[in-house]
Amino acid sequence: MKFTVTVATSAHEHFAERISQLIQQAAVARGTGIAKRPPEYIRRKMREGKAIIALQQDQVAGFCYIETWGHRKFIANSGLIVHPDYRKHGLAKLIKKAAFKLSRQKYPNAKLFGITTSLAVMKINSDLGYRPVTFSELTTDEDFWKGCQSCPNYDILTRNERKNCLCTGMLYDPKEKESKKWNVRNQIKKYERWLRLKREAFLKKKQPILKLKLFTK
């Protein structure tokens, strides 16, 4: 199956309503991790040249946008969604790579980061050079963290004083050497077990485990 993956422009604004619906549906299906985005917000990202859209002929197949935080010192690739009909074709990876490239072109000195509960997204991020980090290494911009309020697990984040949650923080620092990059595929079983234990601990309202060997550089 062939897809057109490109930087969205004002010419794609008529897809905004459908994209907003897909983001909402994905948030409900996952039960966590995706903030609601109204159509006008998506249109604005398109007009600013800060979004990636994937099309299969004249149908929306996927979408992602970039957002700046902390006076453009941090960049997040957010709202990554793939239409259910077009999954398992490697499309998420294509969109993520395009968003990563766009972010590096627009903000070459900024750190790229994200928080996610998806192991598949972690694998993609790892291939791009991201590594898992504690939340203290991410942006302190209050507006970013306010975006988590629509997540059903927001109480876990606040309960842990914004130090940890079910999501995993990941960071790409352009100043880091290639030798320091982390590869989730080399530790996949260990990491899956850690994610399961973290979920069990947080949902039982236990204290988070903050010292993790996986987070070392």
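When both residues are 6+ apart or on different chains and their Cβ atoms are under 6 Å apart, which pairs have a first residue that lies in segment 49-70 and is in contact (Cβ under 8 Å) with a residue 24 or more places away in the chain, and a second that is among the basic types (Lys, Arg)?
What qualifies is Ala51/Lys45; Val60/Arg18; Tyr65/Lys45; Tyr65/Lys50; Ile66/Lys50.
Condition first: closer than 26 Å to Pro39 by Cβ and small (Gly, Ala, Ser). Can you find one or more residues in segment 101-108 that meet it?
Within segment 101-108 (the criterion being closer than 26 Å to Pro39 by Cβ and small (Gly, Ala, Ser)), the answer is yes, since at least one residue qualifies.
So, in segment 159-175, of the ones that are of a type in the set (D, E, K, R) and in contact (Cβ under 8 Å) with a residue 40 or more places away in the chain, which residue ends up most open to solvent (accessible area, probe 1.4 Å)?
Here the answer is Lys163.
When segment 71-107 is examined, which residues are found to be over 23 Å from Thr134 (Cα atoms) and in contact (Cβ under 8 Å) with a residue 60 or more places away in the chain?
Ile81, His83, Tyr86, His89, Leu91, Leu94, Ile95, Ala98, Leu102
Suppose the filter is open to solvent by 30 Å² or more (accessible area, probe 1.4 Å), under 16 Å from the mean Cα position of the chain (by Cα) and either more than 29 Å from Phe3 (Cβ to Cβ) or at pLDDT 90 or above (or both); does Arg104 pass it?
yes
Take the residues in segment 109-129 that are in contact with an Asp or Glu (Cβ under 9 Å, 6 or more places away or on another chain) and open to solvent by less than 10 Å² (accessible area, probe 1.4 Å); name whichever of them is nearest to Glu161 (Cα to Cα).
Within segment 109-129, the match that is nearest to Glu161 (Cα to Cα) is Phe113.
Could you say whether any residue in segment 150-158 is at pLDDT below 85 and open to solvent by less than 30 Å² (accessible area, probe 1.4 Å)?
Yes, segment 150-158 contains at least one residue that is at pLDDT below 85 and open to solvent by less than 30 Å² (accessible area, probe 1.4 Å).
The values are calculated or read from the model by the stated rules, or taken from the named source; none is laboratory data. Keep in mind it's a predicted model, so treat the numbers as computed, not measured. All Cβ positions, glycine included, derive from the backbone under ideal geometry; neighbour counts span all protein chains shown. Heads up: the accessible areas ignore ligands, DNA and RNA and are worked out on the full protein's heavy atoms, side chains in. Shrake-Rupley method; radii C 1.70, N 1.55, O 1.52, S 1.80 Å.
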